[in-house]
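The values are calculated or read from the model by the stated rules, or taken from the named source; none is laboratory data. Because the structure is predicted, anything quoted here is derived from the model rather than measured. Cβ coordinates were reconstructed from backbone atoms using ideal geometry, including for glycine residues, and neighbour counts include every protein chain displayed.
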Amino acid sequence: MKKIIFFIFIFFSIIIFSNKQIKWFITNYPPAFIINKNNDFKGFEFNTLNNLIKKLNHYDITYYQTSLSRALTDMKNKKNVCALFLFKTPEREKFLYYSLPYRVTLPNGIIIRKSDKNKFKKYFDKNNKIKLESLLKERSLTLGINKKISYSKEIDDIIQKYINKPNIFLLTRENYIENLLKLLNLNRIDYFIGYAESINYLSKKLNMKDEFIYIPISEVNKKIFSILYITAPKNEFGKKIIDEVNKIILKTNFVEDAANYYKKWLDKSSINEFEKIYKIFLKQYLNKK
């Protein structure tokens, strides 16, 4: 009888302990996650994750460095894996619990050399956003893109109209943002489409002398910005985690801290644009002022 009680005790102890363990997904995706060779972790999402771990200090949390597809498979198989920095999709909602949104980021925009700003002025609208279709009609300006990715439905639809024109330079290699930035720096292209934080990070990493600026695209509605969530597997464990995370999002400065970590990777002009959409985000999604 004592042996049976002992084994029952061990069995339930294992269950309780396993429900206190979380493997938190990370990957090398600068400047959100920067993983150097000596495992020196940096980046705005590392800052956000470490802030969250402190608030969930009653769990045994470890980093889980893998690919996004592997992490999603693990969560689909209901393993104790969680992730932040994820977009919401109908397919993922079938097997993931999503937190309230915790971050908004600037959408893809036009990246140009700062020295070329006057050349692009006539394509600006009254809100200081640039008209992508007007740029594509101008044959003297060359756009660099990666033809294997989606920039957003609005942007993709416009690009598709001009995809076979000679003023579009198509790239398919890995590290495409870095390669497009190099081409821009060498005056091989006049502009490309990318994220503000990536450009700021890469130009410093590559020690480029020329400065680059991010300009919002006017065809992208101001309400369409990138919303990110924290996720957990769709089981009892995952629901408990997300319930706790939602309380942190609503009752602490977690969202504000996440925004400040992100802003450190933006240039001054991008910060001004971010502040506009951040106010909309707080009001519409979290009912905060």
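Key figures for this structure:
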| quantity | calculated |
| --- | --- |
| Condition check for ILE145: touching a residue at least 40 places away in the same chain (Cβ under 8 Å), farther than 30 Å from ILE248 by Cα and not aromatic (Phe, Trp, Tyr) | yes |
| Filter result for the condition that a residue is among the polar types (S, T, N, Q) and surrounded by 13 or more Cβ atoms within 10 Å (Cβ to Cβ), over ASN272, ASN253, ASN246 | ASN246 |
| Candidates ILE193, ILE241, ILE271 - the one that is over 17 Å from ILE110 (Cα atoms) and either aliphatic (A, V, I, L, M) or not in a helix (DSSP H, G or I) (or both) | ILE241 |
| Any hit, the stretch 207-218, residues being closer than 23 Å to PRO30 by Cβ, touching a Phe, Trp or Tyr at 6+ places or on another chain (Cβ under 6 Å) and crowded, with 21+ Cβ neighbours inside 10 Å | no |
| Residue check, LEU132 in contact (Cβ under 8 Å) with a residue 40 or more places away in the chain, surrounded by 13 or more Cβ atoms within 10 Å (Cβ to Cβ) and either under 30 Å from PHE254 (Cβ atoms) or not basic (Lys, Arg) (or both) | yes |
| LYS119 assigned by TED's automatic domain parsing to the domain that holds LEU184, within 28 Å of ASN272 (Cβ to Cβ) and loosely packed, with under 11 Cβ neighbours inside 10 Å | no |
